[in-house]
Amino acid sequence: MTTKRNKTLCVFCSSSNDVSDFIKTEAALFAKLVAEKGYNLLYGGTAQGLMRIVADSYKAADGFLIGVIPTYMTDTETLKNRFKSGAASIENMGDQGKLYQGLDEVIKVDDLGPRKQIMLDKSDVIVCLPGGIGTYDEFFTVLTLKQVGSHNKPIYLLNSDDYFDALIALINHGIKEKTIKEGNYSLFEICDTPEELASKL
């Protein structure tokens, strides 16, 4: 039986099943190392894509897994009804209406805003693995809140397969154009391998 630990690591990552095998392997290794470090792992709670790979690997290493999920994502039909207006496409969302069945704790919320806040509030460390629009949103939300002093938790990017190089180039462009302060680099750290990142926890 898994038991809850003292510290909690939050993982933001892709719900896509189509990410590269290399990224999947790195994510699985990182999740295993997190469990071995003795952290709880908190993530978005679904059984899709990289999120599932992280959850499976972490649980296989006997970790305590916490999922924070909007109620409309726990049922495929509810998710479809939410997007049938045409304002957004269910195809663009992917098949997210599946709650991971191995969760040790489930926290249901109304929408993405409260989800991000709870994930931030309940974590001691934040890690972004490769992900899509949602992951970028989550990264910039926690980064901005750290910038304005709302928290001081470590934020890491796992740059598997150089995935975040384009994001770093965007930030560098902002620095060059004077829209971003160079000091913002001190708010987060980039790691190239799961082992490097795990060593910093």
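For the reader, a short list of remarks on this structure follows.
For every residue, the table says whether it meets (1) polar (S, T, N, Q); (2) more than 17 Å from the chain's Cα centre (by Cα).
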site: LYS153; (1), (2): no, no
site: TYR156; (1), (2): no, no
site: TYR163; (1), (2): no, no
site: ILE171; (1), (2): no, yes
site: THR179; (1), (2): yes, yes
site: GLU182; (1), (2): no, yes
site: TYR185; (1), (2): no, yes
site: ASP192; (1), (2): no, no
site: GLU196; (1), (2): no, yes
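- Only one entry of GLU36, GLU26 meets the criterion of being within 18 Å of SER199 (Cβ to Cβ) and touching a Ser or Thr at 6+ places or on another chain (Cβ under 7 Å), and that entry is GLU26.
- When the criteria are applied in full, ILE175 meets the requirement of being surrounded by 12 or more Cβ atoms within 10 Å (Cβ to Cβ), more than 20 Å from CYS13 (Cβ to Cβ) and among the hydrophobic types (A, V, I, L, M, F, W, C).
- Helices (runs of 4 or more DSSP H) wholly inside region 1-110 that include at least 2 residues being loosely packed, with under 13 Cβ neighbours inside 10 Å, at pLDDT 90 or above and not β-branched (Val, Ile, Thr): 21-37
- Pairs, first within 19 Å of THR193 (Cβ to Cβ) in region 162-180, second in a helix (DSSP H, G or I), C-beta under 7 Å, six or more apart: TYR163/ILE23
The values are calculated or read from the model by the stated rules, or taken from the named source; none is laboratory data. The shown structure was predicted, so the numbers you read here are calculated from the model rather than taken from an experiment. Every residue, glycine as well, gets a Cβ built from its backbone with ideal geometry; the counts of neighbours run over all protein chains shown.
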